[in-house]
1. Given the conditions (1) free of Cβ contacts under 8 Å to residues at least 12 places away in the same chain; (2) in a strand (DSSP E or B); (3) under 22 Å from ARG98 (Cα atoms), and given that THR226 satisfies all but one, which numbered condition is not satisfied?
2. Report whether or not LEU35 is surrounded by 14 or more Cβ atoms within 10 Å (Cβ to Cβ), in contact (Cβ under 8 Å) with a residue 12 or more places away in the chain and in contact with a Lys or Arg (Cβ under 7 Å, 6 or more places away or on another chain).
3. Of the residues ALA83, ALA48, ALA143, which single one is at pLDDT 90 or above, among the hydrophobic types (A, V, I, L, M, F, W, C) and surrounded by fewer than 16 Cβ atoms within 10 Å (Cβ to Cβ)?
4. Could you give every pair whose Cβ atoms fall below 8 Å, whose first residue belongs to the stretch 110-137 and is modelled with pLDDT under 90, and whose second residue is in a helix (DSSP H, G or I) and charged (D, E, K, R), counting only separations of at least 6 or pairs across chains?
5. Taking VAL17, is it in contact (Cβ under 8 Å) with a residue 12 or more places away in the chain and in a strand (DSSP E or B)?
6. With the structure loaded, tell me whether VAL61 is part of a loop (DSSP other than H, G, I, E, B), modelled with pLDDT of 80 or more, surrounded by fewer than 18 Cβ atoms within 10 Å (Cβ to Cβ) and of a type outside the set (S, T, N, Q) or whether it fails that test.
7. Might you let me know whether the stretch 247-254 holds any residue that is at pLDDT 90 or above and either under 20 Å from ILE151 (Cα atoms) or of a type in the set (Lys, Arg) (or both)?
8. Determine whether VAL177 is of a type in the set (Val, Ile, Thr), at pLDDT 90 or above and more than 20 Å from TYR112 (Cβ to Cβ).
Amino acid sequence: MAIDDILARSLAHPPVVEAVAGIEFRPRGMDVVALVRESDKWSGRYPAVTAQGALPPTRPVGQPGPGFEMQLGEGLMPVRIWAASADQSWLVQSQDDRLLLNWRRVVADDSYPGYLGQIRPEFERLLDIVSKQGGADIVPLVAEFSYVNQIPTAEAGLHSAYAVFRQPDRAIPGRVVGQRYEVVSQFDHELGIGQLTVSIEPAGSPEMTMLTVSAKVFAGRHLAPTEALQLVDRAHDASKEGFFAIVSDTATNQWRGPGES
């Protein structure tokens, strides 16, 4: 199937229970007071505000991190502000160098609102606010889009790798405390490079499996603020490609609506 056909696909009842869109940019020099004031700009939709520890800078898999950089006496730890909607289904995360928007299924019957349907327009609105807050244009560095899916295991064939799994001839010594399948791939795109991570792990019950598909795209050149959303679009497209690559057609049949092919 051609990539354009994959990106045009939609499912009437996708198994998505959480989705995250995000952009990371050069630090703006905003302290916790400035971040709280910034979050006031969207408090009408996201009134429940709490403070969290900041996320570290994103680096491609395999690239060494900066080590333990904070020194005593350098001031307070960096802060991330969480601002949730009244029903807790939407969450804005903001810090000096980052903006993320989460949608979460908090009621069993809630439907994934769609990237183009609600997530992208709302993220664009928030990004526009952030772009005007720091006194200088933001410089996009990394974009992210992730899907978390809860999939019934009764449908076989989530990925061809499952074919190599088998029950051992004898019990594995000890007590199994964790199991996970993960693949990380790297790809080029018109704005730089990207990495796609796909992981499959138990969901806490024998009947469910969690499938997480997460793409991060790294700017390969200096990007204008207006290109930040393009970076997020590319991350979304890569995540969607990854989802349809790893989930079999047999499995997706259960999520199609009437008349969908």
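The values are calculated or read from the model by the stated rules, or taken from the named source; none is laboratory data. Source: prediction; values computed, not measured. Positions of Cβ are backbone-derived with ideal geometry, glycine not excepted, and every protein chain shown enters the neighbour counts.
1. (2)
2. So LEU35 does not fit the description; no.
3. Numbers: ALA83 fails: surrounded by fewer than 16 Cβ atoms within 10 Å (Cβ to Cβ); ALA143 fails: surrounded by fewer than 16 Cβ atoms within 10 Å (Cβ to Cβ).
Every option except ALA48 fails the conditions.
4. Listed pairs, sorted by first residue: GLN133/GLU38.
5. In short, yes.
6. Spelling it out, it is not the case that VAL61 is part of a loop (DSSP other than H, G, I, E, B), modelled with pLDDT of 80 or more, surrounded by fewer than 18 Cβ atoms within 10 Å (Cβ to Cβ) and of a type outside the set (S, T, N, Q).
7. no
8. No; evaluated as a whole, the condition is false for this residue.
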